[in-house]
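Have a look at the structure below before the remarks.
No value in this document is a laboratory result; all are computed from the given coordinates. Just so it is clear, the model here is predicted, and its values are computed rather than measured. Because the Cβ atoms are built from the backbone with ideal geometry, glycine has one as well, and the counts that use them run over all protein chains shown.
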Amino acid sequence: MTLLIDGKKISAAVVEQLAIDTKAFIAEFGVTPGLAVVLVGEDPASQVYVRNKVKQATAAGFHSTEHRLPADTGQAELNALVEQLNNDPSVHGILVQLPLPEQLNEPEIIRLIAAEKDVDGFHPLNVGALASGMAELIPCTPMGCMIMLEKTLGDLTGKHAVVVGRSNIVGKPMAALLLQANCTVTVVHSRSADIEAICRQADILVAAVGRPEMIRGSWIKPGATVIDVGINAVEKDGKRRLVGDVAFSEASEVAGAISPVPGGVGPMTIACLMKNTLTAARQQISA
Ligand code: NAD
């Protein structure tokens, strides 16, 4: 029987614990952790993500603010907002929703956010800390995947993990975390040869590609644990649906455990953003 890795259930437990930790933090320091979320433009998917993030932050007991800027915002204006949030002591975490409209320079914004408030974990200082095993603020999606894997498998030592995708926000930090957990890690990407054969060797397969149902059942080693990060909107039977990067029904015939889309990695990502906000607040209070 294939185990369904239920991201809704696992994330609910994370959020529940977080609400307890947040209460204790507020009681101890008299400070409410603050999260500022910045959205530039009207992208419908980004609007949904931002709304959910603000809602979860409030549910966790944080002080949360939403900053919406028009799609034609210039670099100087966005930089000024980030600087203002950097200097605001009631804000412990800053999240600028990506992608940004094309006139804006994403790397410049990522570098401008104060590293100690960078709850996405994308600032070069936090990326470097992750690579050397010293990170406090870890990118939320890979952190969520690790919680799911550890919940499902316990100790990951010695397992062969294959990560499909090498983006800065998922693939690369995912590989770093798996390495830290003593896995043997292979990363494949759009220029890799023999992806199918490499996937078939995986005890743990993490798909972060952005191609609907690319990974077929025949690519999966029997009994493997599959984490599907992909979120792809497709038309099926005249309806708009979300599917992952893994062909779920085929894969669940072969895998030992698999995360669904939706209801898998998505809710974990938001829960981990909240974890990072509390971590950031704790670090800033004790600095
Ligand atoms: P990205 O486009 O930045 O990176 C995709 C990666 O896939 C690249 O490294 C590329 O080399 C690789 N790739 C592309 N085509 C490939 C192919 N044919 N074979 C092998 N590798 C290939 O995407 P991303 O930001 O890493 O996101 C990946 C997916 O995860 C997207 O569907 C995205 O929506 C989703 N995502 C979900 C969450 C969540 O919370 N669940 C968070 C972030 C991203």
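Arg240 falls short on exactly one of the conditions (1) part of a loop (DSSP other than H, G, I, E, B); (2) more than 13 Å from the ligand (Cβ to nearest atom); (3) surrounded by fewer than 20 Cβ atoms within 10 Å (Cβ to Cβ), and that condition is (1). Of all residues in the stretch 205-221, those that are surrounded by fewer than 24 Cβ atoms within 10 Å (Cβ to Cβ), touching a residue at least 40 places away in the same chain (Cβ under 8 Å) and more than 11 Å from the ligand (Cβ to nearest atom) total 0. On inspection, Gly263 fails the criterion of being away from the ligand (no atom under 14 Å from the Cβ) and either surrounded by fewer than 22 Cβ atoms within 10 Å (Cβ to Cβ) or of a type outside the set (D, E, K, R) (or both). Just one of the listed residues (Val48, Val31) is over 27 Å from Gln180 (Cα atoms) and touching a residue at least 12 places away in the same chain (Cβ under 8 Å), namely Val31.
For the stretch 80-117, the candidate set comprises residues that are outside any loop (DSSP other than H, G, I, E, B) and in contact with a Leu (Cβ under 6 Å, 6 or more places away or on another chain); within that set, the residue that is surrounded by the fewest Cβ atoms within 10 Å (Cβ to Cβ) is Glu106. If only residues of the stretch 157-168 that are crowded, with 19+ Cβ neighbours inside 10 Å and assigned to a loop (DSSP other than H, G, I, E, B) are counted, the one that is nearest to the ligand (Cβ to nearest atom) is Gly165.
A count restricted to the stretch 190-203 and to residues that are within 9 Å of the ligand (Cβ to nearest atom) and more than 20 Å from Ala251 (Cβ to Cβ) stands at 2.
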